[in-house]
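Below is one structure, written out as structure tokens, with a few remarks after it.
The values are calculated or read from the model by the stated rules, or taken from the named source; none is laboratory data. Note that the coordinates shown come from a computational prediction; the quantities given were computed from them, not determined experimentally. Please note: Cβ atoms are built from the backbone with ideal geometry, for glycine as well, and neighbour counts cover all protein chains shown.
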Amino acid sequence: MRQEVVLALLAKEPSHGYDLRARLREALGPLGDEMNPGQVYVTLTRLERAGLVESERTTGLTDRPDRKRYALTAEGQQRVAGWLAEVSWPKPDLAEFHLKLVAAAAAGLADPLTIVDTQRRELLRRLREAQRAAMAEPDGSDAALLLEGIVLRLQADLRWLEECERNWNSRGSES
Amino acid sequence: MRDVVDAVVRANGLRKEYGKGEGTVRAVDGVDLEVVAGETVAVMGPSGCGKSTLLHLLGGLDRPSDGEVWLAGRRIDRLGEKALARMRRTAVGFVFQAFHLMDELTAVENVELSALLAGSSPRVARRRAIDLLDRVGLGDRAEFLPSALSGGQRQRVAIARALSNKPAVVLADEPTGNLDSAATLEVLRLFESLHEAGQTLLIVTHDSRIAATADRLISMRDGAFVDETRLTGGTSGQLGALAGLEG
Amino acid sequence: MGRALLVFRLASRDLRRRPVEAALLLVVILAATATLTIGLVLRQAAADPYQDTREATAGPDVVASINPPLSGGQPADRGELRAMADASGVIAHSGPYPVVGAKLAVNGHTVDVEAEGRDTATVQVDQPKIVDGSWVRDGGVVVEAALADALGVSAGDQVSLAGHSFRVVGVAVTAASVPFPEASLYIPPDVPRGSRKLPPPPEDLGLVWLTEPDVRSVAGQTDSLSYVMNLKLADPSAASSFVAAYAPADPPPGAQPSEPPVGTIATWQQIRDNASLLVRNEQRALVTGGWLLGLLAVASIAVLVGGRMADQTRRVGLLKAVGGTPGLVAAVLLAEYVVVAVVAAGVGLVVGWLAAPLLTDPSAGLIGSTGTPPLSLATVGIVTAVAVGVAVLATFVPAVRAARTSTVLALADAARLPRRTAWLIAISARLPAPLLLALRVAGRRPRRMILSIASVAVAVSGIVAALAANAELGASNFATSPELDTMRTQRLGHVLVLICVMLIVLAAVNAIVSTWASVLDARYASALARALGLTPQQVSSGLAMAQVLPALVGAILGLPAGLALIAAADPDSTTYPPLWQLLAVVPVTVVAVAALTTIPARIGARRSVAEILQSEHA
């Protein structure tokens, strides 16, 4: 997860680390549980070092990080604005799998169809899981929306795998 | 070793051919299948692979060229039209891709049609229809015509109709084929709730979302089964990775 | 010009695409036009031959006769006739000629005839025209042409008249008397002296001519002779006013005269009307039949057209999408049916014209009746107008509707949505499954249901009217010589049978077409019903019931409609068909419709469910 996410979360108001974590958990739903709890704090420290956030001790007694309240610096605000305006999209990662099939076929190491089938089965299981999670969330919630996105991407990937299967199948029957 | 008695749907060596000689097309080519009570089984495959034909054979809408079909403990592939019709009244409920509701009947009239044709009294049929519509979440739209309902709602009415005669198995042919993703979700939820209530479902689809709800997923190609996957299993706790969150 | 050509091309191509339907349409309109043509031609045929005969034989304007008084002992008073000849307005006369009633026997038949005594000289008024042989001479008899035709005699045969043997020397036609079997003068045969009443006129009465001496010898006593005179007036059209001065008050029709008339007097118009009476009844039956068939044709076509209009919708959409105006679209649709109608009119005219003489040779006793008159412009015009009118009427509403639908909807082939009749749906829920299906199938297309009801009602009303006419025939049939079928009853009977057959055939075609259209339309509903668990037998009986129920309603409606038709066509007729026949019509119709619709219904119920559900949608 990119640092800019945490920066953006701070844009609403200066917050404590644990506030940010709570908000993240809410937005991510069940996925939030999978997150490393310390991740946020690590990121905040890095951001402070980079001069994008500043911290202040709340009327506090100790020096422990989770009592600090963080706020955006002017630079940090600029960075957030720039990030919001970005249109880059997460990179797809198809090349690896594709090359896996090609290499296996060329070297005779394994049947590409078997690889595809195994991958398909795995993706189907994940699809089932994501779907179930999506249906468990209330309609229209942020979490439901995120899970729907996962489901749709998995669907798209599965469709590609079907194409792969068809393709490698016909190649096999030709040769 | 599955107890044969438990199998709601069974097929042995099922074959369906069209045409003769050189031009013979094998729509279904040697299929063996068993579905036990309470299971949801999905049959997936590209279009033209014969899955719809298979469903028609299992539901008695068509007769196989070869092989046996057992439905709710009865062998149906050799039955006459009359007996098949009677069987369809009690053992099977159909859900189609095109919904196939009567446009001039309201939702409740569509649902009660099944019961009326099976010989129930009008009052009993009407009451059951209302109950079923409530069950699928359309109790407040009972008097609506299909033209006033969305695609997902229409399919839900069709599902209610399929449940009308308490069938042993519900056969669904591409139930979400004509639906957008929101409507698909409605239908998915309904199938899940039916599954939880113990209804046996056999779904034919090329939509992986629907297939993913099944206990068992069978892949079909060129009229034959090529693969079978068990999908039940706990969560893998790896959804975050799918979303781009590093663990 | 280009547009007209385009319309024509599109229309003809579409017709060629669906030859069966075009043929069906043709047959249906043809039945109506042919019948109408026959009726109209007959009307013509009735008028002309009498006119021709009148001119050829110098036909009289007034024919008067005088009988000897019933009290007997005195001869008939010729003076009265002579006085009539001198009356103002009379420009010529012939006679008085002696006439006696006698029995003519030949070939085993016996017929009552009037024997008129003539001399060999040609006269100015009523000189019968010889069509075979020659005019009277002693020992010879000239037979009126229609009588000769009925008896099968010609010049040279021997006949027996009042017991005397005579040789037939000729056959002739005249305009002074109505051709056999309905001579207009009634000269009673030998009436016993002192009897107070005349025997009723024989049903079949003929006319022959002898020389005057021969008549007197046949009569025996001079004072049993009657006399007849023919008059020509200065103003032929004033004949009835001339006659009014002399005629006694007419006894009410059908009643026996309380006192024997001293004589009879008739105008040429009366004779003409009676001469064509034979033809007129038939003509009336045919014209009425033609209109009924026309109505049936409208119903049939409307069903045919309505069924196919759904198919047309897509073509309409295409036409409009490429720039056709609604007017063009409607023109193309109408053009197809109008073309068929015009062709049907043409063929119907020819068929009717050829068939008219076969049906009714109006009378051998009139000149010019051996051939049929050429089709008058009026007949051609009426028949064509009826045919085109029928086509337009039946296709107008669908054509306009098709032209008005939005192009988008038409292209998407949004089929005509079935109508929802809530009360029908509610009622059908209480009925067993086949009736449920039947009511709902019928209720989806209310217009077609009404057309079915109407067509059966029209057919049944026609049959009821025909039954009444038949009953009337039967009641009045006391031919003196049963072997000698009176032409009137025989021919009218044939005409009635023909009309009934055509009505039934057309109604049957209608029923089958309607069932077929209904089965096609209900193909989706019946497939769904079978998927939900209805057996094919239940489905086929439901589909058949969907036709039988409207037919039942139509038959019941047709009974009073038929009685009303009788009253309208013949206001003074009081004969109604026997009750058992009326009551039998309804169940017979229902059974007939059920039989006709079973086959299409069964075929429709056996199609593959899966196929239909895959391809069909609502």
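Things to note:
- Scan region C:441-450 for residues that are touching a Leu at 6+ places or on another chain (Cβ under 7 Å) and either facing another protein chain (nearest Cβ under 10 Å) or β-branched (Val, Ile, Thr) (or both) and the total you get is 2.
- Single match in A:ARG126, A:ARG166, A:ARG153, A:ARG159 (criterion: touching a residue at least 24 places away in the same chain (Cβ under 8 Å) and among the basic types (Lys, Arg)): A:ARG126
- Region C:450-473, residues that are surrounded by fewer than 23 Cβ atoms within 10 Å (Cβ to Cβ) and more than 24 Å from C:ILE301 (Cα to Cα): C:LEU467, C:ASN470, C:ALA471, C:GLU472, C:LEU473
- All of A:ARG120, A:ARG132, A:ARG126 fail the test of being within 11 Å of chain B (Cβ to nearest Cβ) and in contact with a strand residue (DSSP E or B) (Cβ under 9 Å, 6 or more places away or on another chain), apart from A:ARG120.
Rundown of residues vs (1) touching a helix residue (DSSP H, G or I) at 6+ places or on another chain (Cβ under 7 Å); (2) β-branched (Val, Ile, Thr); (3) more than 22 Å from B:ALA37 (Cβ to Cβ), yes/no style:
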residue: B:VAL170; (1), (2), (3): yes, yes, no
residue: B:ASP173; (1), (2), (3): yes, no, no
residue: B:GLY177; (1), (2), (3): no, no, yes
residue: B:LEU185; (1), (2), (3): no, no, yes
residue: B:GLU196; (1), (2), (3): no, no, no
residue: B:ILE203; (1), (2), (3): yes, yes, no
residue: B:ARG209; (1), (2), (3): yes, no, yes
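- A single entry from C:ARG447, C:ARG430, C:ARG401 fulfils the requirement of being of a type in the set (D, E, K, R), at pLDDT 80 or above and surrounded by fewer than 19 Cβ atoms within 10 Å (Cβ to Cβ): C:ARG430.
- Residues that are within 14 Å of chain B (Cβ to nearest Cβ) and modelled with pLDDT of 85 or more number at least 3 in the following helices (runs of 4 or more DSSP H) confined to region C:504-618: C:523-531, C:536-569.
- Residue check for C:SER160: modelled with pLDDT of 85 or more and surrounded by fewer than 16 Cβ atoms within 10 Å (Cβ to Cβ): yes
- Scan region A:149-168 for residues that are facing chain B (nearest Cβ under 8 Å) and more than 17 Å from B:ILE218 (Cβ to Cβ) and the total you get is 9.
- Residues located in region A:93-117, provided they are away from chain B (no Cβ under 13 Å) and either of a type outside the set (A, V, I, L, M, F, W, C) or in contact with a Phe, Trp or Tyr (Cβ under 6 Å, 6 or more places away or on another chain) (or both): A:GLU96, A:HIS98, A:LYS100, A:GLY108, A:ASP111, A:PRO112
- A count restricted to region B:27-40 and to residues that are in contact with a Ser or Thr (Cβ under 9 Å, 6 or more places away or on another chain) and either within 14 Å of chain A (Cβ to nearest Cβ) or charged (D, E, K, R) (or both) stands at 2.
- Pairs linking a residue in region A:90-114 that is touching a residue at least 24 places away in the same chain (Cβ under 8 Å) to a residue that is among the polar types (S, T, N, Q), with Cβ atoms under 8 Å and 6 or more positions apart or on different chains, are A:LEU113/A:ASN169.
Every residue, every condition in (1) of a type in the set (A, V, I, L, M, F, W, C); (2) at positive phi; (3) part of a loop (DSSP other than H, G, I, E, B), yes or no:
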{"position": "B:ARG78", "(1), (2), (3)": "no, no, yes"}
{"position": "B:ALA98", "(1), (2), (3)": "yes, no, yes"}
{"position": "B:VAL111", "(1), (2), (3)": "yes, no, no"}
{"position": "B:LEU116", "(1), (2), (3)": "yes, no, no"}
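- For B:ASP103, the criteria (1) closer than 26 Å to C:LEU436 by Cα; (2) more than 8 Å from chain C (Cβ to nearest Cβ) hold in every case but one, which is (2).
- Matching residues in region B:62-94 - criterion: being within 11 Å of another protein chain (Cβ to nearest Cβ) and touching a residue at least 12 places away in the same chain (Cβ under 8 Å): B:ASP62, B:ARG63, B:LEU84, B:MET87, B:ARG88, B:ARG89, B:THR90, B:ALA91, B:VAL92, B:GLY93, B:PHE94
- Of all residues making up region A:1-13, the number that are aliphatic (A, V, I, L, M), at pLDDT 85 or above and either within 25 Å of A:ALA133 (Cβ to Cβ) or in a loop (DSSP other than H, G, I, E, B) (or both): 5
- Test: residue in region B:168-175 that is surrounded by 19 or more Cβ atoms within 10 Å (Cβ to Cβ) and at pLDDT below 90: no
- Residue in region A:118-129 that is under 25 Å from the mean Cα position of the chain (by Cα), in the same structural domain as A:GLY29 (by TED's automatic domain parsing) and surrounded by fewer than 17 Cβ atoms within 10 Å (Cβ to Cβ) present: no
- Region A:14-49 - residue that is free of Cβ contacts under 8 Å to residues at least 24 places away in the same chain and assigned to a loop (DSSP other than H, G, I, E, B) and, of those, farthest from A:ALA133 (Cα to Cα): A:GLY38
- Odd one out for A:GLN78 among (1) surrounded by 18 or more Cβ atoms within 10 Å (Cβ to Cβ); (2) modelled with pLDDT of 85 or more; (3) in the same structural domain as A:ALA27 (by TED's automatic domain parsing): (1)
- Some residue of region C:119-134 being assigned to a loop (DSSP other than H, G, I, E, B), surrounded by 15 or more Cβ atoms within 10 Å (Cβ to Cβ), of a type in the set (D, E, K, R) and touching a residue at least 12 places away in the same chain (Cβ under 8 Å): yes
- Per-region count, region A:10-52, residues within 14 Å of chain B (Cβ to nearest Cβ) and surrounded by fewer than 17 Cβ atoms within 10 Å (Cβ to Cβ): 9
- Members of region B:41-71 that are among the hydrophobic types (A, V, I, L, M, F, W, C) and either surrounded by fewer than 18 Cβ atoms within 10 Å (Cβ to Cβ) or assigned to a helix (DSSP H, G or I) (or both): B:LEU54, B:LEU55, B:LEU57, B:LEU58
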